[in-house]
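Before any comments, here is the structure.
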2 protein chains.
Amino acid sequence: MNNFIFSNPTKIAFGEGQIQELKNLLPKNARVLLTYGGGSIIKNGVYDQVVSALQGRTWFEFGGIQPNPHYETLMQATELAKEREVDFLLAVGGGSVVDGTKLIAAAMHFEGDPWDILAKNAPVHRATPLGCVLTLPATGTESNGNAVITKEATKEKLGFGSPLVYPQFAILDPTTTYSLPPRQIANGVVDAFVHIMEQYMTYPVNAKVQDRIAEGLLLTLIEEGPKALENPRDYGVRANVMWAATLALNGLIGVGVPQDWATHMIGHELTAMHGLDHAQTLAIVLPAVMQHKRAQKREKLIQYGKRVWNLQGSDDAIIDGAIAATKQFFESMGNPTTLSSYGVPRESIPKLVNMLVKHNYVALGEHGDITPEDSRKILELAA
Amino acid sequence: MNNFIFSNPTKIAFGEGQIQELKNLLPKNARVLLTYGGGSIIKNGVYDQVVSALQGRTWFEFGGIQPNPHYETLMQATELAKEREVDFLLAVGGGSVVDGTKLIAAAMHFEGDPWDILAKNAPVHRATPLGCVLTLPATGTESNGNAVITKEATKEKLGFGSPLVYPQFAILDPTTTYSLPPRQIANGVVDAFVHIMEQYMTYPVNAKVQDRIAEGLLLTLIEEGPKALENPRDYGVRANVMWAATLALNGLIGVGVPQDWATHMIGHELTAMHGLDHAQTLAIVLPAVMQHKRAQKREKLIQYGKRVWNLQGSDDAIIDGAIAATKQFFESMGNPTTLSSYGVPRESIPKLVNMLVKHNYVALGEHGDITPEDSRKILELAA
């Protein structure tokens, strides 16, 4: 196990009815900006629950944050937050709303062009505190310090991270996910699954605890994901998916182990260039990364095949089976695993590789050895 | 899954050499009281590492905190801490030192007799902040808000908990455990194992994530525990045991699920009356609780037998096998599982039950239905 430092300050309030905890979780006398997305929280009643819990407080609102939240929109929200002298941000929605709100939190205090936080890794020295009510289990952003933002003008999708933008609290009420369209639930399950794999499917460092927890989360998503599509109002299923998705990326399974993240980096270019859903890109790229890197990832692929998919046979048969089972799982969740299924032509591959080079994603993976040529081969495997 | 609120503020610094992180983790300008036990940290070099990291700071020390830390000793330490106007406590040692230091932290600010914190559940309104360097993986106290204290004069062993006594940081360097006597490593593994079982071996509430994590931690201890005895200087083994013991009782596997803790309550009386090591009492009592409550715990016993011990057959055969395997594991770690093995006579059983009644432990277990008569039967089963 590698050395690590771990802390996670986010307080989790989990379960049906926990939105009322907002009254206790929000700082006294805070001037709150409520941020949200396209309005689904108004339709499903979450907005009303939040507004009810905000009674007696000074608060403002900013709606319209997009999936793959647009930098341009977030700068409007930042202006509003500064104008209203907001000192607490309350994100209500899915990962995009929370991610976007993290950028607002940092941009409010940033001197210069806030895009530099993403494009130049400019350090965040101060951020407005934030909390969230999560309505879509997927990204884990509700309990970490990371965010991914898209600049609409240039079609660039970039991330940043800072301990200052961890949500102070995250309210996770599984009933808020009942009204999600199947596509979003499917995407959420695939997203969480791949987050786990990015931290698990590398090489062994004798981190038995992290491995077992990762495998337990994968098994939970495999068991519960299809049920979440079949029975949208099964509380237990939604609860298990939601808690698994949070623990998939709250830092716990990633401490003391190597991490990959090549799938995410390559996938981001696919979303930016072709508008694919984030999880769709992951379903395409991950199996191809597993295949392309099967020699380097051999030991963990075998462990994964045995423990998660209960496979037996020769090592190579187990690896083949593990990759096939992973693809099959994504397909069963309604996420095809080839570029062509989404109408992305082979001719896009060189352009996608060029964008990786432009963003300096030229040494990806846990060994930093996935060159642009490797990324090209990975995309060819996924064609 | 039941509703829950979870947060864990302790920052973990894990790995060889992390004691040097003290420089960054201790608050600037703090007046530090270093607390420790019987002096093993002086022999194994940990004391010197800590003192080196404290260079340039104002600090004092208090040694001699016992296993099952004595209230009387801790009151002396509290006096010293107040006299020296200490504003940060640094516990260096095993669970007893950390537990004891939590009481010092609370007692420093308590008006009235601090024993009331334990005997009357008097609320803790303020506590001096603390951190720790853990040298014995076992209790999980390094990352929770609980402590157990023994009053030597009356042989009472009682606990308290407060969010104010979570360590701000915990330094876990597996190499500090190399010099532990085998008995302490064995006790630590058994203690952590039973902590997991207290939160896991109840009845199912469809908490798949918590169950899988608990099972992963149990499997880790089963795999690594015996190796920790065989190869005391195997870094990887010690690291896995240490991290598993912390996660066993940092709150994570206990959220949203019923908890038992009857084994601990009954075991505390055994330690108080007969001086048995804490883990020895757990090794005696847990299998008897599993047997006595096998009807109520049936579903989880079967799940445990299948997933943790890989047992097959009829349900009752799996349950029998699971209880036998648990006993066998404790025995293999050098902890016998009967009262008689430790020379505790049957005649002690009524006295132990009387002490449970005196401490009002008359409705134990996840259903609150373990009466003194049940405790008697459990102890008879373990005779």
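The values are calculated or read from the model by the stated rules, or taken from the named source; none is laboratory data. Remember, predicted model here, so these are calculated numbers, not experimental data. Don't worry about glycine lacking a Cβ; one is built from the backbone with ideal geometry, like all the others, and counts go over all protein chains shown.
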Working only within the range B:200-224, note down all residues that are buried (at least 24 other Cβ atoms within 10 Å of the Cβ), over 13 Å from B:Gln303 (Cβ atoms) and either more than 8 Å from every other protein chain (Cβ to nearest Cβ) or small (Gly, Ala, Ser) (or both).
B:Gly216, B:Leu221
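Just need a number here: residues in the range B:225-241 that are of a type outside the set (Gly, Ala, Ser), under 20 Å from the mean Cα position of the chain (by Cα) and either within 7 Å of chain A (Cβ to nearest Cβ) or part of a loop (DSSP other than H, G, I, E, B) (or both).
Step one: filter the range B:225-241 for residues of a type outside the set (Gly, Ala, Ser), giving B:226-227, B:229-235, B:237-238, B:240-241.
This time we only want the ones that are under 20 Å from the mean Cα position of the chain (by Cα), so: B:226, B:229, B:237-238, B:240-241.
Checking the rest, the ones that are also either within 7 Å of chain A (Cβ to nearest Cβ) or part of a loop (DSSP other than H, G, I, E, B) (or both) come to B:240.
Going through the range B:225-241 one residue at a time, the tally reaches 1.
Every residue, every condition in (1) closer than 30 Å to B:Thr154 by Cα; (2) in contact with a helix residue (DSSP H, G or I) (Cβ under 6 Å, 6 or more places away or on another chain), yes or no:
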position: B:Ala207; (1), (2): no, no
position: B:Ile213; (1), (2): no, yes
position: B:Leu218; (1), (2): no, yes
position: B:Pro258; (1), (2): no, no
position: B:Ala279; (1), (2): yes, yes
position: B:Ala288; (1), (2): yes, yes
position: B:Lys300; (1), (2): no, no
position: B:Val308; (1), (2): no, yes
Among the residues of the range B:1-48, write down those that are exposed (fewer than 13 other Cβ atoms within 10 Å of the Cβ), at positive phi and within 14 Å of another protein chain (Cβ to nearest Cβ).
B:Gly17
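Report, by residue number, each residue of the range B:134-162 that is out of contact with any strand residue (DSSP E or B) (no Cβ under 8 Å at 6 or more places or on another chain) and touching a residue at least 24 places away in the same chain (Cβ under 8 Å). Quick ask: steps written out before the conclusion?
Step one: list which residues in the range B:134-162 are out of contact with any strand residue (DSSP E or B) (no Cβ under 8 Å at 6 or more places or on another chain), which gives B:138-140, B:153-155, B:162.
Once the filter is applied, which keeps residues that are out of contact with any strand residue (DSSP E or B) (no Cβ under 8 Å at 6 or more places or on another chain) and touching a residue at least 24 places away in the same chain (Cβ under 8 Å), the range B:134-162 yields B:Ala138, B:Thr139, B:Gly140, B:Ala153, B:Lys155, B:Ser162.
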Please determine whether any residue of the range A:372-383 is assigned to a loop (DSSP other than H, G, I, E, B) and touching a helix residue (DSSP H, G or I) at 6+ places or on another chain (Cβ under 8 Å).
yes
Answer yes if at least one residue in the range B:127-137 is at positive phi and either more than 22 Å from the chain's Cα centre (by Cα) or not assigned by TED's automatic domain parsing to the domain that holds B:Thr246 (or both), and no otherwise.
no
Filter result for B:Thr337 (over 18 Å from B:Trp261 (Cβ atoms) and surrounded by 20 or more Cβ atoms within 10 Å (Cβ to Cβ))
yes
For residues in the range B:344-368 being touching a residue at least 24 places away in the same chain (Cβ under 8 Å) and assigned to a loop (DSSP other than H, G, I, E, B), which is farthest from the chain's Cα centre (by Cα)?
B:Arg346
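Among the residues of the range A:108-142, which ones are assigned to a loop (DSSP other than H, G, I, E, B) and β-branched (Val, Ile, Thr)? Full working, then the answer.
From the range A:108-142, those assigned to a loop (DSSP other than H, G, I, E, B) are A:108-114, A:120-129, A:135-140; that's our starting set.
Within the range A:108-142, A:Val124, A:Thr128, A:Thr135, A:Thr139 qualify.
Does B:Leu381 satisfy being under 21 Å from the mean Cα position of the chain (by Cα), surrounded by 15 or more Cβ atoms within 10 Å (Cβ to Cβ) and among the aliphatic types (A, V, I, L, M)?
Details: under 21 Å from the mean Cα position of the chain (by Cα): no; surrounded by 15 or more Cβ atoms within 10 Å (Cβ to Cβ): yes; among the aliphatic types (A, V, I, L, M): yes.
Spelling it out, it is not the case that B:Leu381 is under 21 Å from the mean Cα position of the chain (by Cα), surrounded by 15 or more Cβ atoms within 10 Å (Cβ to Cβ) and among the aliphatic types (A, V, I, L, M).
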Here are A:Thr154, A:Thr101, A:Thr150: which of them is assigned to a strand (DSSP E or B) and closer than 15 Å to A:Thr73 by Cα?
A:Thr150
Considering only residues of the range A:266-295 that are closer than 22 Å to A:Tyr71 by Cβ, in contact (Cβ under 8 Å) with a residue 60 or more places away in the chain and β-branched (Val, Ile, Thr), which is surrounded by the most Cβ atoms within 10 Å (Cβ to Cβ)?
A:Ile266
Selected residue (only one of B:Thr150, B:Thr154 is under 30 Å from B:Val124 (Cα atoms), more than 17 Å from the chain's Cα centre (by Cα) and away from chain A (no Cβ under 14 Å)):
B:Thr154
